[in-house]
1. May I ask you to find the residues of segment B:53-70 that are shielded by at least 50 Å² of accessible area once the whole protein assembly is considered instead of their isolated chain (probe 1.4 Å)?
2. Could you list the GluC sites (Glu not before Pro) in segment A:62-129 that lie in coil according to DSSP, counting only those with at most 15 other Cβ atoms within 10 Å of their Cβ?
3. What's the FRET efficiency of A:Gln354 with A:Glu464 using the Cβ-Cβ distance as r and R₀ = 56 Å, to the nearest 0.05?
4. Using only atoms on other chains, find how many Cβ atoms lie within 10 Å of each Cβ of peptide A:526-534 and report the average.
5. For segment A:376-470, run through the trypsin sites (Lys or Arg not before Pro) and keep only the ones in DSSP coil with at most 15 other Cβ atoms within 10 Å of their Cβ.
6. Loop-only GluC sites (Glu not before Pro) in segment B:139-235, please: DSSP not H, G, I, E or B, and at most 14 other Cβ atoms within 10 Å.
7. Per residue, how much accessible area does chain A have with a 1.4 Å probe, in Å²?
8. Express the relative contact order of chain B as a whole percentage, based on alpha carbon pairs under 8 Å and six or more residues apart in sequence.
Amino acid sequence: MAEYKEYRGMCVVGECKKYYGTDDAKVIHEEPKGVEIKNVHLHDAVIVGAGLAGMYAALELKKAGYDVAVLTKVFPTRSHSGAAQGGISAALANLEEDHIEWHFFDTVKGSDYLGDQDAIEMMVKEAPRIIYEYEHMGVPFSRTPDGKIMQRYFGGHVKDFGRGGPVLRACMAADRTGHVLLHTLWEQCVKYNVRFYSEFFLLSLIIKSGKCIGVTVWDLINGGIHVFQGKAILLATGGYGRCYSITSNSHANTADGLGVVMRAGLPLEDMEFVQFHPSGLAFLGVLLTEGARGEGGYLINNEGERFMKRYAPEKMELAPRDVVSRAMWAEIEAGRGINGQQYVYLDLRHLGAQKIMERLPQIREISMKLLGIDPIKEPVPVQPTAHYSMGGIPTDICCRVLADGKEKWLEGLWAAGECACVSVHGANRLGTNSLLDASVHGKRAGKDMAAYLSTNPPYEVLPEDCALDAIKQIEWLLNNPGTERPGAIRKELQENMYNLCGVFRRKEDLEKMYNIIKDLQRRYKNILVQDKGAKFNTDLMEALELRNLLETAEVIVASALNRTESRGAHYRRDYPNRDDENWLKHTLAWRTEEGVKFDYKPVVITRFKPEERKY
Amino acid sequence: MAEYVFKIFRYDPEKDETGRVQEYRIDVQPGWTVLDALNYIKWFVDGTLSYRRACRHGICGSCGMTINGKNGLACETQIKDLGTTVITVEPLRGFPVIKDLIVDMEPLYDKLYAIKPYLITKTPPPTDKERLQSPEDRAKLDGKYECILCGCCTSSCPTYWADKNFLGPNALLKAARFLFDSRDEGYEERVSVIDDKHGVWRCHTIFNCVEACPKELNPTQAIVDLRKLILRGKL
């Protein structure tokens, strides 16, 4: 026991007794001046990120008998998968007729035909099995009267290849679906003794002769750099919503995985596609689940009109997210926002108190606690919020990271979940498909990594300078005598991104945004980290995150400027139509010193030929 | 807009012998939560202030702290609801402080690991189908499965302050979440842990945990239900 010093008899201060796994680690480096390498850890598999994808992969590897380490910058149950509310889709047909093919079609159509159909087909086929596996793990799903898993309606999920009405496909646990899946996976990881290293921040990939052999991370609690060497490395680091001021994403969703991938010289895919969720709580961006519309909520403008009838007369509020977000933004631009501001109303009052409290308890709690508004009595102000990143690290359908973005696997490296682009979501993701994507691909990555490990690849010898860049970066941040604070730069980035590279985009705005980012990157060189300590230095962490945000935002804006068409979530005011002739292809973007370079790869089309996407 | 005084607990393990209180005077915008104020201070006033935060809407459980003497999530505490312009913010009590408002949660997690926090089954599940559970049986989990592991309950428990081996409301609520699940078959394994002087019998029904829980759950009720379950099992 460490000695604790008393403070007013209540708070005690003292050493953290965290366990760092020194038994299987050896120190092989001399301590560099200033920042030190604390440890080199050796594991069969190293996973960065402990959301659904990371933990599912960890479970698969552990069950296959491999030694796996899961690194996360937060404690596993704090991951952002837990914030998902509405559901996880699978054609279980528990309440009414449904087919995997319908789910397949809806996902392809939802993606505005940019999703790769081989990957989508595999995902929707795997969906029912994943749900049953979750149930067997102990997920407390809501139940139908006959005891099966409860399913609800969700935008974009319909019957009969888009021809029928909405279908009950989203498996749910009240409106805490992500929360129960995340906690259940964590519970299973505890059961199987998965080794977590919580509160470690990813700094760089270690790549040696075209092979990924490890990562360097910063130990947030004690300070110091750790090297994790493995034969199979998985990035499951989540999305990049924090590039925007109004976002549903956690403070932690800062594109850390994408940052290290770009700095390793690898491309990113389809970064221009950022989904804006229609029902973000006004001013905050915190999400109110689409389930609220699924249960029958109305969107109304300042004239009290259900304006969706002019944009999607059949599906109304249940049209896909991009369609609804654009309709809202168009209303706002036409001056029909409430009080002339950037929001409209989500009205749930007609559902009645009982239904709201039973089916949407969290929605009510959030609006009451964060805005002081009770949806039983008043309509809730909502505005489009940056929600999901369709783009990411290019992978094949086994989640292997593609070094050239097309075919060549970067041996030893996988990516899964929101940070990856398989691509199953194409230009726009359907609601409930994100939990499915993270679970299916987490599992698939885990299986593929286990298969790779079973071939007994050798451990490579770590290069002497493997952590040099990471050390230099930290030393520079801690000692830079600058004047710019991370918070101020980040605020400028986020607010401008929301206004200039948001729901609607145009050439002038994007060019302006690109210059703003370049300017902010220059200012970043003059950054000041006020906290100089090693232990739990969150000021340092925010500065590291900001670099990832700035570099990722640059690729988003450049890709958006490059794609001169409108498709799915990417809407160019100056190019309002989809252009299949020139743009039915994935963007690959390399960030270089001379700007962003582009290449393309074709979309995999197997079954459904592109047609106009109407709802 | 109004000026508020934030009295925040500070402790830097590399500099300070013990904790101290630092005052910040800031203008608070309407609708701000305590987390908004902390963010403002960190981003624009004093970058050394340290605290955990992530989702900022009460689901990740990162920002549990003691605000004006009461445990809660900073992200869900409306400043105006506190009814005063002087606000003290301290780290969760009962856990060792790592830095400022950040505490070492490992003791909390250790208690969770002890009660085997996962569904234990012996009967194999049906192939390619879910196990059935009636809505009535599922309803028995309401008020138990929603826990976000923020630690506010255990940190508020005087019994836990006095007995650091007490499993505490958090772990016992989690135990109830499984013991009352119709699918669970881990009764013996789990009860052997909680039927102990540091388990359900240590609780003095002080009800602090009920008041502290930001998710409005009732760990004391769960503990009482567990006692009944154990006693019934012994009859």
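The values are calculated or read from the model by the stated rules, or taken from the named source; none is laboratory data. A quick note: this is a predicted structure, and the numbers were derived from the prediction, not measured. Here the Cβ positions follow ideal geometry from the backbone for every residue, glycine too, while neighbour counts run over all protein chains shown. Quick note on the areas: whole protein, heavy atoms, side chains included, nothing else; ligands and nucleic acids left out. Shrake-Rupley method; radii C 1.70, N 1.55, O 1.52, S 1.80 Å.
1. Checking the loss per residue gives B:Arg53, B:Ala54, B:Arg56, B:His57, B:Ile59.
2. Here the GluC sites (Glu not before Pro) that fit, given the DSSP loop and packing criteria, are A:Glu96, A:Glu97.
3. For R0 = 56 Å, the calculated efficiency reads 0.25.
4. The shielding value for this peptide is 3.
5. Passing sites in segment A:376-470 are A:Lys377, A:Lys408.
6. Details: sites: B:Glu146, B:Glu185, B:Glu188, B:Glu189, B:Glu211, B:Glu216; in loops: B:Glu146, B:Glu185, B:Glu216.
Here the GluC sites (Glu not before Pro) that fit, given the DSSP loop and packing criteria, are B:Glu185, B:Glu216.
7. Here the residues of chain A average 32 Å² of exposed surface.
8. On the way: 389 pairs, mean separation 41.8, N = 235.
Computed value for chain B: 18 percent relative contact order.
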